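Notes follow once the structure below has been shown.
Since every read-out is calculated from the coordinates, none of them should be taken as a lab result. A quick note: this is a predicted structure, and the numbers were derived from the prediction, not measured. Neighbour counts are summed over all protein chains in view; Cβ atoms, including those assigned to glycine, are modelled from backbone coordinates with ideal geometry.
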Amino acid sequence: MTHHVILGAGPAGVIAAETIRKHAPLDEITVIGEEHEPPYSRMAIPYLLIGNVDESGTYLRKSPTHFTDLKVKVLQAHVSRVEAATKTVVLESGESVKFDTLLIATGSHPVRPPIPGIDSPGVHPCWTLEDARAIMALAQPGARVLQLGAGFIGCIIMEALAARGVKLSVVEMGDRMVPRMMGPTAGGMIRDWCQAKGVEVFTGTRVDAIEPAGGHEEGILGTLAIAIGLKDKKPAQTGLRVKLSNGQHLDCDLVISAAGVRPAIGFLENSGITCLLGVLTDAHLQTNVPGIFAAGDCAEAFDKVSGKTIVSAIQPNAAEQARVAAMNMVSFGRGTALGADLKGVTQINVLDTLGLISTSFGAWEGVAGGEHVELTDLPAGRHLSLQFKGDVMVGCNSVGWTEHVGVMRGLVEGQVKLGEWKDALIKDPTQLMAAYLATAQGQGHWSGAQDARRR
């Protein structure tokens, strides 16, 4: 009997386990996750902060016996290392787990900026359910909250915090918001929108230090403690003072670190498994070691648009990678050829920032020797940028241009040859729908056009 071991109990790990069980009813499956919680979606945490769901609403599967019913063994443990040569996973407890095939689906973890005071009480990442509980306790209406980072994940967290009625400030080192997704014009428009909605935004600014507020104003936690007669019993930490690189100081009740994430693959050091930014995989999601696969935020897979391997930390890509990897784990366990191929990953980002919709697909910054066109209507809060390589649109981004979202994704992902329509789009980028319908149908992308129409 083949033993499949899956490291990570997030979306990729869960989907992989279910896929293996579907195609290999008798194989042994073990999922190893670090957290005490039932498997859940990190993307649901902002909805928890807003109050749209409770904790059970973040769970990936609602039945408490889901994995038992599938005859999947779930271990809560920290992985110390992987010994590829002996097909062994060594746990921090000293125990070991043997495998025939292995899936590395450990996801990513928050970047911890090297800032003095980053470990102070009242400073939290927003990554786990445990983090969410701490944040909800402090992010009460009127609380002064500073968020460090305004990237894609940071903007999602910002949306949830604003909905909680806090007084919110955001600090971003880049010269604009979402700098890895948007150009200067688009990122500046999102910043202006947020400020108009009452969020204080500092771009091109660093947090230099975080320290106790000391003799400064009490903050909402201290004020509440005094109000209910607990002045002598209030927590020692009643506020924080944050020093910014622009010389300003901000007094806060809560600091949230949202400075980005990186693949959680430190345990693979000296394993013999090739890692770049993430775990390097081929079209089958197999690593350089036969029988060992990777999927999700920790995997580095081929991007057909850029022609490079990338880590694409979005849940739809994680789900598809998990499915492909699982199918190939079943094949490997039976000694048959690996038949499932990943068609490639593409950078896909759609962001709702306090009601402003922005998108970024593919090589939005453009490619060497390519052409591009931009259209900006600041009064209307609309911006559109298209990037071309030859007659193929390789990337794009938009702000406030929601009617073209499906078409833009379809053109970039489908690598549709536009022919003369490329020149038409250079002249008038709003003709995206017409260009898609005129060119994609003959290239086998009709379903995408239909999807675009529905959007």
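Classification of the stretch 357-454 by its C-alpha gyration tensor yields an oblate form. The axis ratio a/c (a ≥ b ≥ c) is 1.5 or more, and b/c is at least a/b. Across the stretch 366-380, computed HN-Hα scalar couplings (Karplus, 6.51 cos²θ - 1.76 cosθ + 1.60, θ = phi - 60°) run x, 10, 4, x, x, 10, 8, 9, 10, 9, 10, 10, 4, x, 8 Hz from first to last residue, x flagging Gly and Pro. When the GluC sites (Glu not before Pro) in the stretch 265-335 are filtered for DSSP coil states and for at most 15 other beta-carbon atoms within 10 Å of their beta-carbon, the remaining sites are 269.
Remark: spin-label model distance residue 98-residue 200 equals 6.1 nm, labels positioned 7 Å along the Cα→Cβ axis.
Which whole-Hz couplings ³J(HN,Hα) result when phi for each residue of the stretch 289-300 is put into the Karplus expression 6.51 cos²θ - 1.76 cosθ + 1.60, θ = phi - 60°, listed in order with x for Gly and Pro? Listing the rounded values in order: 9, x, x, 10, 10, 9, 7, x, 5, 8, 8, 10 Hz. The stretch 106-139 and the stretch 299-370 have their alpha-carbon centroids 27 Å apart. Across the chain, Cα pairs under 8 Å and at least six residues apart give a relative contact order of 14 percent.
The relative contact order of the stretch 1-80 comes to 34 percent, based on Cα pairs under 8 Å that sit 6 or more residues apart.
For the pair residue 88 and residue 269, a Förster radius of 22 Å applied to the C-beta separation gives a FRET efficiency near 0.90, rounded to the nearest 0.05.
Please say if the chain is rounded, prolate or oblate, where rounded means a/c under 1.5 for a ≥ b ≥ c the square roots of the C-alpha gyration tensor eigenvalues, and otherwise the choice is prolate for a/b larger than b/c and oblate otherwise? Intermediate values should be presented prior to the final figure.
Numbers: a/c = 2.03, a/b = 1.09, b/c = 1.86.
Cα axes put the chain in the oblate bin.
Since only 8, 41, 435 are under comparison, the one whose Cα sits farthest along the positive direction of the charge dipole of the chain, derived from C-beta charges on Lys, Arg, Asp and Glu, is 435.
Of the GluC sites (Glu not before Pro) in the stretch 349-440, which ones lie in a loop per DSSP and count no more than 10 other C-beta atoms within 10 Å? Before the final figure, lay out the partial values.
Numbers: sites: 365, 371, 374, 403, 413, 420; in loops: 365.
Those that pass, being in a loop and sparsely packed, number zero.
A Förster radius of 25 Å, combined with the Cβ-Cβ distance separating residue 350 from residue 23, puts the computed FRET efficiency at roughly 0.20.
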